[in-house]
Amino acid sequence: MKKSIALGTSAIVAIAGFAYAEGHMSSDMTLVSWGGAYQASQQKAYVEPYIANNPGVTAVWDESSSEAVAKLRAMNEAGNVTWDVVDVVAADAIRLCDEGLAMEIDHDEVLAPGDDGSSATDDFGDLIVSDCFVPQIVYSTTFGYRDDLVGDTPPTSVCDVYDLEAYPGMRSLERNPIANLEWALICDGVDIADVYDVLETEEGQDRAFAKLDTIKDSVIWWSAGADTPQLLADGEIVMGSTYNGRLFSLIEEQDQPVSMLWDWQMFDLDGWIIPAGLSPEREARALDFLRFATDTQRLADQAKYISYGPARASSAPLVSTHAELGIEMAPHMPTDPANAQNTFLFNYEWWADYRDDLDAKFQAWLAQ
Amino acid sequence: MTDANGTIVAADGRPLKASLNRALRREKLRAFLLILPLLAFVIVSFIAPIFDMLFRSVQDDITSRTLPQTVIALDDWDYEGAEIPSEAVYEALYYDMFFAAEAKKHTALGSRLNYETTGMSSLFRQTGRSLDEMGGNVIEAMEDASEALDDSAFWASIFLTQDSSAGSNAAAARAWATSIADMELRLPVGTYLSDGAAEALPNAARQYAAFAMFTHIVDEDVPAEEDPWESVWLALAEDLTASDLRYDGIGAEQLAAVQAAVAAPMADFTYTAAFLDQDEDWADPEVIGTIKTFSSPYTAGYFLTAVDLELTPAGAQAVDENVQIYITLFWRTLWMSMTITFSCILLGYPIAWLMANLPDRKANLIMILVLLPFWTSLLVRTSAWKVLLQQQGVINDTLVWIGLVGDGSRLALINNATGTIIAMTHILLPFMILPLYSVMKGIPPSYLRAAKSLGATDWTAFWRVYFPQSVPGIGAGCILVFILSIGYYITPEIVGGTKGVFISNRIAFHISSSLNWGLAAALGTILLVVVLALYWAYDRIVGIDNVKLGG
């Protein structure tokens, strides 16, 4: 009898608690992401289990991450922010935080601790590059090459991109100074530790552009992540840079004769922000979703669908096999030790300063 | 009817002229009321947003809004003199920046100024992080001197009062804080800034009032329960070291103890040194000069940047050759749009002629062929051109197969200006064909027959009789195609590579990527003016009345 009363009470408390929480959270949310395979992986790994746990909640996707900063600014000026959780790259998150368009988050309070007991800030470590940013995946910009166009000696170094004699033909690079200038300097003999110091100087910038000049006529410049995979599949280019997940799907899912070149891959981060100025109900829902979607298991689950590394250290041991292909995902992660021998991380603070200036130089150089 | 004066009057006895005018006015009013909803809709949803966007090309009040006191203090500073600004500038900068950092407005200003001078973004962000450490010695000495200062309520009791006769609403502090926070701030209802404190401790009272307003409105907390910011402490130390201090209000005793303790650390403290310790760039005339140059609410800077000049503290000057791009892009946009328009005439004229002169059944078939691509998604059509034009694409493969070009020397038809011209000519062709067709349809075939029967050759009959009558169609088609192509963006982005992109691709970049909306607005304004100028020129030369969109 006593037991059943206790059970009854706890059930009432649980129901009351549920009702309380539900009553203070909005029941629908708009998530913003990049579309394609990446958004599909988020839908399967985060949203479907979240909705299964919270029946009655509806989630709508908006595929606007590529212009999230501009749209959020416009929404903010119009006083009508319609997004609840937005997926952006780290550089955009920093910018949004700077502009006051994203909400600052206390990571330890808002996010779940790691499965191994570490606090959220320890678990994410250095990847929390902004107070507004909740890291989700580590991806990299790296090279893929056509097996049938590189002869008997496939490229092993990023500097082979600059070797027109050994690997004649077109290459593709992003129409953007970021990563290209770093690679140019590395291949011009600059030590990775000095790259940004050199790039700060006028001479260093000239040096990087001079190196790029040596292959300028053999480069197709891409602006969308799908360009390089398409160019590789069509045999338009010998090698080209793009996001590692795009190359994974080209190689493993579409079975194209393409291989990865992991040398000096550039790491970058992608994650969530919550727009500033949401109503308390929507903010509560967004935070609730964020806590669920960035816990250890959920981040590890996402790697079943796409080859991007989970941002939590505690998720890495849980990464399993691809949901459809059944292959081990760990060797395809940019963070896998075999792949990560030579890497560098996008220097956010540095690029925040130099982006405007170097972009103008880069565009003028392209137009010459 | 006429009245005694001989003027014609209507049936009701009013002068006919006035009566007619009245009826006409009523008609006009009725007509106006009919279009009023549409007019209002167009103004609200189209014209107003465009002007709002264009206005951003000159609007630049972020500096004067975020650093109001600094901008005033900088009035006396001269860039040419190349001297480090006075202590008053750094003092104003400290208080402006401190409040801006609390309101999270300093980083937006840093991003704005970084468009002009590289490094401003991180300078503002990093300085914003370390502002609360500035004057640490002074604050420590104050804490040691009196424990009362650790009590938030003690501060409130000095500066705030519930008595409206002994206080004011702190209008100056309110204006200052509202400007930086970019939102309406005020003290809690029934709370006033104490007159006694405001008179004896002016700096601290102003800072405390700003702190209290921000705590009340933004944080939604009670000021008396929150610890004041470091800026309030420093302002109090400043007031207490002033030579003629006469304060006898609440807490005078404790403040006297603090006053004795801060004299020594304050003697060693300067705002200048605090900023230079944080970052030596704060003494750089370029940095201070940039703040001063962009401190007025309106700027010509964006327009100068849009024509490859730059506004520097030393005045407007040309940018380095290796960053000049906009003039190149404007020229490229113009000549490529003209090439595309001309290609459209060459290809569209014969088709329109066929459509206008073939029997209806065949003409309708051609019409469907013209319209079918028109109804297909723009992206699909552009991507299809990619498949056709690339080096391993259909056209190159065919040419190699025929033997016209060698396998090693395939033509570069895409990712350059050629690709843009081919793809855009195809995409814009219907805009040329349709007006041409509708004009040609209205030219009676009997004119050509008459010309021929009078002895004209086929060519003369076409050139002297038919062609002049079809010119209004060419004019309409040209205006449509040219104006559409000058603002085109998606097709050049996909097939244009680096040599085939337009100015609109840079506008898109500044809108969505660099967030430099002022520059994007300036580029857009220039583009608009160029189009209007060309339209005007067209009107002067050809006459806009000669443009026909339909028969």
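Restricting the search to segment B:47-66, which residues are over 11 Å from the mean Cα position of the chain (by Cα) and not in a helix (DSSP H, G or I)? Correct list: B:Asp61 only.
Tell me, yes or no, whether segment A:111-118 has at least one residue that is within 14 Å of chain B (Cβ to nearest Cβ) and aliphatic (A, V, I, L, M). The answer is no; no qualifying residue exists. No other residue among B:Ala412, B:Ala450 is surrounded by fewer than 15 Cβ atoms within 10 Å (Cβ to Cβ) and not hydroxyl-bearing (Ser, Thr, Tyr) apart from B:Ala450.
Based on this model, can you work out whether B:Gly497 counts as touching a Lys or Arg at 6+ places or on another chain (Cβ under 8 Å) and within 13 Å of another protein chain (Cβ to nearest Cβ)?
no
Return the residue satisfying two criteria in turn: it lies in segment B:245-287 and is among the aliphatic types (A, V, I, L, M), closer than 30 Å to B:Asp78 by Cα and in contact (Cβ under 8 Å) with a residue 40 or more places away in the chain, and of such residues it is surrounded by the fewest Cβ atoms within 10 Å (Cβ to Cβ). That would be B:Ala283. Please go through segment B:15-66 and pick out each residue that is charged (D, E, K, R) and within 30 Å of B:Leu113 (Cβ to Cβ). B:Asp52, B:Arg56, B:Asp60, B:Asp61, B:Arg65 - these are the residues of segment B:15-66 that are charged (D, E, K, R) and within 30 Å of B:Leu113 (Cβ to Cβ).
Answer yes if at least one residue in segment B:69-87 is more than 28 Å from the chain's Cα centre (by Cα) and not assigned by TED's automatic domain parsing to the domain that holds B:Thr290, and no otherwise. No - not one qualifying residue is present in segment B:69-87. For the residues B:Gly477, B:Gly500, the requirement of being buried (at least 23 other Cβ atoms within 10 Å of the Cβ), outside any helix (DSSP H, G or I) and either touching a helix residue (DSSP H, G or I) at 6+ places or on another chain (Cβ under 8 Å) or aromatic (Phe, Trp, Tyr) (or both) singles out B:Gly500. I want to confirm something. Restricting to segment A:58-71 and keeping residues that are in contact with a Leu (Cβ under 8 Å, 6 or more places away or on another chain) and closer than 12 Å to A:Asp87 by Cβ, which single residue is nearest to the other protein chains (Cβ to nearest Cβ)? By that ranking, first place goes to A:Ala68.
For B:Ala363, are the conditions met, namely being crowded, with 19+ Cβ neighbours inside 10 Å and either at negative phi or in the same structural domain as B:Leu309 (by TED's automatic domain parsing) (or both)? Before you say what the answer is, go through the steps one by one.
Numbers: crowded, with 19+ Cβ neighbours inside 10 Å: no; either at negative phi or in the same structural domain as B:Leu309 (by TED's automatic domain parsing) (or both): yes.
No.
Considering B:Thr241, B:Thr290, the condition of being in contact with a helix residue (DSSP H, G or I) (Cβ under 9 Å, 6 or more places away or on another chain) and surrounded by 18 or more Cβ atoms within 10 Å (Cβ to Cβ) is satisfied by B:Thr290 alone.
Among what's in segment A:243-278 and is part of a loop (DSSP other than H, G, I, E, B) and closer than 22 Å to A:Val69 by Cβ, pick the residue that is modelled with the lowest pLDDT. Give the steps one after another, and end with the answer.
So in segment A:243-278, the residues part of a loop (DSSP other than H, G, I, E, B) come out as A:254-257, A:274, A:276-278.
Keeping just the survivors that are closer than 22 Å to A:Val69 by Cβ gives A:274, A:276-278.
Working: A:Ile274: 97, A:Ala276: 93, A:Gly277: 89, A:Leu278: 93.
The qualifying residue modelled with the lowest pLDDT is A:Gly277.
Those residues that are polar (S, T, N, Q) and within 12 Å of chain B (Cβ to nearest Cβ), I need them from segment A:72-99; list them, please.
From segment A:72-99, those polar (S, T, N, Q) are A:76, A:80, A:82; that's our starting set.
Answer for segment A:72-99, where residues must be polar (S, T, N, Q) and within 12 Å of chain B (Cβ to nearest Cβ): just A:Asn76.
The set of residues in segment B:162-185 that are crowded, with 20+ Cβ neighbours inside 10 Å and on the phi > 0 side of the Ramachandran plot contains only B:Ala170. B:Ala175 fulfils the conditions (1) away from chain A (no Cβ under 14 Å); (2) under 27 Å from B:Ala274 (Cα atoms); (3) touching a Lys or Arg at 6+ places or on another chain (Cβ under 8 Å) except for a single criterion, (3). Per this entry, A:Ser249 is counted among residues that are among the hydroxyl-bearing types (Ser, Thr, Tyr), at negative phi, surrounded by fewer than 23 Cβ atoms within 10 Å (Cβ to Cβ) and not assigned by TED's automatic domain parsing to the domain that holds A:Gln43. For segment A:335-365, a tally of residues being farther than 21 Å from A:Val198 by Cα and either at pLDDT 90 or above or under 18 Å from the mean Cα position of the chain (by Cα) (or both) returns 6. Of everything in segment A:87-118, what is closer than 16 Å to A:Ala316 by Cα and surrounded by fewer than 16 Cβ atoms within 10 Å (Cβ to Cβ)? Give them in sequence order. If the condition is that a residue be closer than 16 Å to A:Ala316 by Cα and surrounded by fewer than 16 Cβ atoms within 10 Å (Cβ to Cβ), then A:Asp116, A:Gly117 are the ones that fit. Considering (1) within 14 Å of another protein chain (Cβ to nearest Cβ); (2) assigned to a helix (DSSP H, G or I); (3) surrounded by fewer than 22 Cβ atoms within 10 Å (Cβ to Cβ); (4) of a type outside the set (S, T, N, Q), the lone condition that B:Asp144 does not fulfil carries the number (1).
Considering segment B:380-403, the residues that are small (Gly, Ala, Ser) and part of a helix (DSSP H, G or I) include one that is modelled with the lowest pLDDT, namely B:Ser383.
Taking B:Arg332, is it in a helix (DSSP H, G or I), among the basic types (Lys, Arg) and over 29 Å from B:Leu67 (Cα atoms)? First the steps, then the outcome.
Details: in a helix (DSSP H, G or I): yes; among the basic types (Lys, Arg): yes; over 29 Å from B:Leu67 (Cα atoms): yes.
Yes: the conditions hold for B:Arg332.
When the criteria are applied in full, A:Ala102 fails the requirement of being within 13 Å of chain B (Cβ to nearest Cβ), touching a strand residue (DSSP E or B) at 6+ places or on another chain (Cβ under 9 Å), modelled with pLDDT of 90 or more and more than 19 Å from A:Leu278 (Cα to Cα).
B:Phe159 passes every criterion in (1) outside the structural domain of B:Gln259 (by TED's automatic domain parsing); (2) buried (at least 23 other Cβ atoms within 10 Å of the Cβ); (3) not polar (S, T, N, Q) apart from (1). Of all residues in segment A:38-66, exactly one satisfies the criterion of being in contact with a Lys or Arg (Cβ under 9 Å, 6 or more places away or on another chain), under 17 Å from A:Tyr308 (Cβ atoms) and surrounded by fewer than 17 Cβ atoms within 10 Å (Cβ to Cβ), namely A:Lys44. Kindly indicate whether A:Gly204 is at pLDDT 95 or above, under 19 Å from B:Glu493 (Cβ atoms) and more than 12 Å from chain B (Cβ to nearest Cβ). No; evaluated as a whole, the condition is false for this residue.
The values are calculated or read from the model by the stated rules, or taken from the named source; none is laboratory data. The structure presented is a predicted model; accordingly, all values stated were derived computationally and were not measured. Cβ: placed from backbone, ideal geometry, glycine included. Neighbour counts: every protein chain shown.
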